[in-house]
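These notes concern the structure reproduced below.
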Amino acid sequence: MGRRIGKRLLNFILVVWGVVTLSFCLQVFTGTDPAEMIVRKVNVLATEEQIQAVRESLGLDAPFLERYTDYIKGVLTGDLGTAITNRQPVIENIKDALPVTCTLIVMAMVWVILFTVLLSAISVIRKGGIFDNVTRIVCIIGICVPSFWLALLLLAAFAVQIPIFDVISDGSFKSLILPSAAMAVPIICIATRVLRAAVLSELKSDYVTYARARGLSNTQIVYGEVLRNALPAAITLFAQYCAALFGTSALVESVFSIQGLGIYLMESCESMDVYGISGSILVCGVLFVLFNTLADVLSCVICPAYRRRTA
């Protein structure tokens, strides 16, 4: 097990290095000159000499390998450059925006875990029944519904028509319930179908036949035996969506006026801030790799069968 975890950590380091390299290439080959963007923002009629002076001060005229080495050193020390939009360090802008997005995503994932396990287990226990059929229809609809459109519906229903929540988020727990629900519903619908299918597949295993021969009920088999072996597929899906939400949260954040990482990334794209864009993408990429690595390790710890299959 220790050797397997060590192998996963090595893969994590290699993939993160690849993400950092791609982030650097985004700055270099994007076609946007940061020096010109900085100078033109202050003086539209700036001369080429002024732009070249800023370019030299930022080290943008240095050889490729030298710039790449400096970028790696900066990433290791937490220096992701200075944002063009507000001339603040990118890492500070991300630190201001990331906690709000993290809180929002954690709340969304809590709903995902609770409802996915509950709905999947009941659907399997009552396979073919009314609950299973209704859940299947609702999940199909939920998968097709965009999160931002669902966010607008929830906002109109529970903040305008029935004013239980505020229209604009103030960062409190209550104000994050609606946006987290909007982000969670599509994932719940997908994860429920995946976990249900995995549980039904496990029910065909020999150990399930043995458990039934011992006189265990269907509920005992599902919750006590099968669910643990079916979790790796749902855990992997959970980790992927959890990490992806850091980059795609802008749609929901914009509906509820939440100043999170998604909004910062979107604003950086609108202003062609290559440092803000590459820094945000780097953080999202590292989080995506981290969550997938943790999901693999967690699946190995929870499910010995998964550890044997992927050995």
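The values are calculated or read from the model by the stated rules, or taken from the named source; none is laboratory data. As the structure is a prediction and not an experimental result, all values here were calculated from the model. All Cβ positions, even for glycine, are placed from backbone atoms using ideal geometry, and neighbour counts span all protein chains on display. Just the protein is used for accessible areas: all its heavy atoms, side chains included, with ligands, DNA and RNA removed. Shrake-Rupley method; radii C 1.70, N 1.55, O 1.52, S 1.80 Å.
Taking every residue in the range 188-214 that is in contact (Cβ under 8 Å) with a residue 40 or more places away in the chain and pairing it with any residue that is part of a loop (DSSP other than H, G, I, E, B) and open to solvent by less than 60 Å² (accessible area, probe 1.4 Å), at least 6 positions away or on another chain, the pairs with Cβ-Cβ distances below 9 Å are Cys189/Val145.
Among the residues of the range 10-46, count how many are of a type in the set (S, T, N, Q), open to solvent by less than 60 Å² (accessible area, probe 1.4 Å) and at pLDDT below 75. Result for the range 10-46: 2.
Selection of the range 103-121 for residues being surrounded by 15 or more Cβ atoms within 10 Å (Cβ to Cβ) and either more than 21 Å from Glu225 (Cβ to Cβ) or without any contact (Cβ under 8 Å) to a residue 12 or more places away in the chain (or both) yields Thr103, Leu104, Ile105, Met107, Ala108, Met109, Trp111, Val112, Phe115. Within the range 249-276, the set of residues being of a type outside the set (A, V, I, L, M, F, W, C), assigned to a helix (DSSP H, G or I) and touching a residue at least 24 places away in the same chain (Cβ under 8 Å) comprises Glu253, Ser254, Gly262, Tyr264, Glu267, Ser268, Tyr275, Gly276. Does Asp170 satisfy the condition of being among the charged types (D, E, K, R), at pLDDT below 85 and either within 24 Å of Leu245 (Cα to Cα) or in contact with a helix residue (DSSP H, G or I) (Cβ under 7 Å, 6 or more places away or on another chain) (or both)? So Asp170 fits the description; yes. Has the range 34-41 got any residue that is within 35 Å of the chain's Cα centre (by Cα) and touching a residue at least 60 places away in the same chain (Cβ under 8 Å)? Yes, the conditions are met somewhere in the range 34-41. For the range 240-258, does any single residue satisfy the condition of being open to solvent by 20 Å² or more (accessible area, probe 1.4 Å) and within 24 Å of Glu202 (Cβ to Cβ)? Within the range 240-258, one or more residues are open to solvent by 20 Å² or more (accessible area, probe 1.4 Å) and within 24 Å of Glu202 (Cβ to Cβ).
Assess whether Gly279 counts as being open to solvent by less than 10 Å² (accessible area, probe 1.4 Å), closer than 30 Å to Ile5 by Cα and in a helix (DSSP H, G or I). For Gly279, the condition - open to solvent by less than 10 Å² (accessible area, probe 1.4 Å), closer than 30 Å to Ile5 by Cα and in a helix (DSSP H, G or I) - is met. Within the range 266-276, the residues that satisfy the criterion of being aliphatic (A, V, I, L, M) and open to solvent by 30 Å² or more (accessible area, probe 1.4 Å) are Met266, Met272.
Considering the range 157-235, the qualifying helices (runs of 4 or more DSSP H), each wholly inside and each with 2 or more residues that are within 22 Å of the chain's Cα centre (by Cα) and crowded, with 18+ Cβ neighbours inside 10 Å, run over 177-202. Only one of the numbered conditions (1) over 23 Å from the mean Cα position of the chain (by Cα); (2) of a type in the set (A, V, I, L, M, F, W, C); (3) modelled with pLDDT of 85 or more; (4) surrounded by 17 or more Cβ atoms within 10 Å (Cβ to Cβ) is violated by Ile91, and that is (1).
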